[in-house]
Amino acid sequence: MEERVKCKSLRSKITSAKEAAGMIKNGMTLGTSGFTPTGYPKAVPEALVKMVEKEEDFKINLYTGASVGQSLDGLFAEAGIISKRMPYQTNNSMRKALNSCDVHYADIHLSHFSQQVRYGFYGKIDVALVEAAQITEEGYIVPTTSIGASPVFCSEAEHIIVEINTKKPLGLCGIHDIYQPEDPPNRQPIPLVNPVDRIGKPYIEVDPSKIKAIVITDLEDDPIGFAPVDENSRQIAKNLIDFFEKEVEVGRLPEKLLPLQSGVGSVANAVLKGISDSRFKDLIFYSEVIQDNVLDLLDEGTFKFASGTSLTLSPEGFERFYQKFDEYRSKILLRPMEISNNPEVIRRIGSIAMNTAIEADIFGNVNSTHIMGSKMMNGIGGSGDFTRASYLSIFTTPSIAKDGDISSIVPMVSHVDHTEHDVNIIVTEQGLADLRGLSPVQRAEAIIENCAHPDYQKPLEEYLNKAKAGSCHTPHTLGDSLSWHEKFVQTKKMR
Ligand code: 0RQ
């Protein structure tokens, strides 16, 4: 344990999960480590749920980096102990709880979240609960497989509880680059000019006197499943790679493209696979989540560097990562999500943002979060941070969902996450609409012609033509605009 808790004066804080959980009181706000679900605390949450089992009114607020696993989000949601949840989740039980309004969920741009915690917008953080690989001699915290919002939770919380996870190798020390910007009016430029730049420290600097408990655990993160790459996703990827090739040909993108950001899910996986099969080499990945397929791309030389805020690998992926750690160490960097997703940095490095839509409308507005305008799926995550600040913003989606009962291209989106002003390119398996510089009607024509499924092309054209008769800049017939969704809600079919 001396290797894990190097700060001698803090060794007296080593205690049981139960004891540490006792510090989390009813009504408190807990800020935990964890991002898309890796590197989140597990032992103290388990002990807390056991401890408050019989307390009927026990509620806390849970803030994290992004999604965390079943053994935190799922457990807390099922125990009914969450009052408010921020800023992103992907857990089934949590989704159910927030869609039934049992949990108040605030869905927030990830780049905004850390600074707004510091600004005090969300009240006081009572306890920061973070998973760590090590506590340094100075009492500083070395995170494990994600950083997310841990730095801000540690700096703002009154008390810190650390879960030292012995299953996470000490070799992780050095892979983190922790930097916290100043706040206005004294904010300085973030000195990250090149995606490979190191600008911070390999640990979270904290006031060691705030560390009130250290819990030693070997609980593993819940295993991560990967969405399979289907034929539609492969075609979407192909359409996108063809587009990149043309953009290079006409000189709008350099040979090595620009730093790529990729969202999560089956289409995002297929896009990375498509890039791997393409002629592009020596690319830079500047994103949030580093998944198994990023290791593949690094191994084969398609990527030469990957920067993210979490290592979201399968058990096999981790085995491979740890085996070749010395090699990956120079090619992978983890940053706080306040930096990985920072619009200042994204604008400067000229990122290519590739995210997935649930649906897009004929004018290019994108819904990434809500099913039929009302049921929350996951959250906006970092998609908005990258989309608006990027050099080129791309949304991918299969043209239909639920075996064709739903068109993902609709007259008007039922919820807006990314406005038409932020969306440059929409890609489906049918083709690609390049919306740059187009007027609303031109956008609608391009999207219907290139992206809509043939079964829905005609109804979309009819909608547009009817709306155009009203001679408007952005033609809509308001009574019809959401009628496709309404029809689906009533009959389970949009057609
Ligand atoms: O439903 O779960 O019942 O099968 O939506 O759809 O096709 O599995 O999509 O896994 O690629 O995720 C946008 C949700 C896509 C994801 C979203 C139904 C469909 C299925 C899921 P079932 P798929 P994917 C990086 C950036 C926002 C956050 C983000 C996401 C379910 O990419 O959460 O981008 N993005 N973060 O059947 C009704 C439609 C539908 C539909 C699909 N038009 N109408 N239902 N579905 N299209 C990560 C971070 O920032 C942390």
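A few comments on the model shown:
- The condition (being at pLDDT 95 or above, closer than 23 Å to F76 by Cβ and buried (at least 24 other Cβ atoms within 10 Å of the Cβ)) is satisfied by just one residue among A128, A133: A128.
- Residue match in the stretch 323-332 (condition: near the ligand (Cβ under 9 Å from one of its atoms) and either in a helix (DSSP H, G or I) or not β-branched (V, I, T) (or both)): no
- Condition broken by G225, with the remaining ones in (1) in a loop (DSSP other than H, G, I, E, B); (2) surrounded by 14 or more Cβ atoms within 10 Å (Cβ to Cβ); (3) not hydrophobic (A, V, I, L, M, F, W, C) satisfied: (2)
- Just one of the listed residues (A446, A452, A433, A467) is out of contact with any strand residue (DSSP E or B) (no Cβ under 7 Å at 6 or more places or on another chain) and among the small types (G, A, S), and it is A467.
- Residue within the stretch 471-483 that is assigned by the TED database to the domain that holds G364, surrounded by 20 or more Cβ atoms within 10 Å (Cβ to Cβ) and within 23 Å of P398 (Cα to Cα) present: no
- Scan of the stretch 322-357 for residues that are farther than 24 Å from F244 by Cβ and aliphatic (A, V, I, L, M), ordered by number: L333, L334, M337, I339
- Contacts under 9 angstrom Cβ, first residue in the stretch 279-295 being part of a helix (DSSP H, G or I), partner acidic (D, E), 6 or more apart: D292/E316
- Checking each residue in the stretch 8-29 for being under 15 Å from V127 (Cβ atoms), among the aliphatic types (A, V, I, L, M) and over 32 Å from the mean Cα position of the chain (by Cα) picks out no residue at all.
Quick grid of which residues meet (1) touching a Ser or Thr at 6+ places or on another chain (Cβ under 8 Å); (2) within 23 Å of G382 (Cβ to Cβ); (3) of a type outside the set (K, R):
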site	(1), (2), (3)
F113	no, yes, yes
T145	yes, yes, yes
G174	no, no, yes
P181	no, yes, yes
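- Considering (1) more than 16 Å from the ligand (Cβ to nearest atom); (2) more than 21 Å from the chain's Cα centre (by Cα), the lone condition that E231 does not fulfil carries the number (1).
- When the residues of the stretch 465-495 are filtered to those that are in a loop (DSSP other than H, G, I, E, B) and among the hydroxyl-bearing types (S, T, Y), the one that is nearest to G373 (Cα to Cα) is T477.
- Yes/no for S314 being more than 10 Å from the ligand (Cβ to nearest atom), surrounded by 18 or more Cβ atoms within 10 Å (Cβ to Cβ) and either closer than 20 Å to S287 by Cβ or not assigned by the TED database to the domain that holds N239 (or both): no
- Restricting attention to the stretch 421-443, the residues being within 30 Å of T491 (Cβ to Cβ) and either buried (at least 20 other Cβ atoms within 10 Å of the Cβ) or not assigned by the TED database to the domain that holds N355 (or both) number 8.
To keep it simple, each residue is scored yes or no on (1) in the same structural domain as Y119 (by the TED database); (2) over 30 Å from V142 (Cα atoms); (3) modelled with pLDDT of 95 or more; (4) among the small types (G, A, S).
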position: E245; (1), (2), (3), (4): no, yes, yes, no
position: D299; (1), (2), (3), (4): no, no, yes, no
position: F318; (1), (2), (3), (4): no, no, no, no
position: D326; (1), (2), (3), (4): no, no, no, no
position: I332; (1), (2), (3), (4): no, no, yes, no
position: M337; (1), (2), (3), (4): no, no, yes, no
position: I346; (1), (2), (3), (4): no, no, yes, no
position: M354; (1), (2), (3), (4): no, yes, yes, no
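- Sub-6 Å Cβ pairs linking a first residue in the stretch 4-30 that is outside any helix (DSSP H, G or I) to a second residue that is hydroxyl-bearing (S, T, Y), at least 6 apart or interchain, are K6/T136, ordered by first then second residue.
- Some residue of the stretch 57-71 being within 16 Å of the ligand (Cβ to nearest atom), over 25 Å from V215 (Cβ atoms) and surrounded by fewer than 22 Cβ atoms within 10 Å (Cβ to Cβ): no
- Residues that are among the small types (G, A, S) and farther than 26 Å from P87 by Cα, drawn from the stretch 292-349: G301, G317, S330
The values are calculated or read from the model by the stated rules, or taken from the named source; none is laboratory data. The structure presented is a predicted model; accordingly, all values stated were derived computationally and were not measured. So basically every Cβ, Gly included, is an ideal-geometry build from the backbone, and we count neighbours across all protein chains shown.
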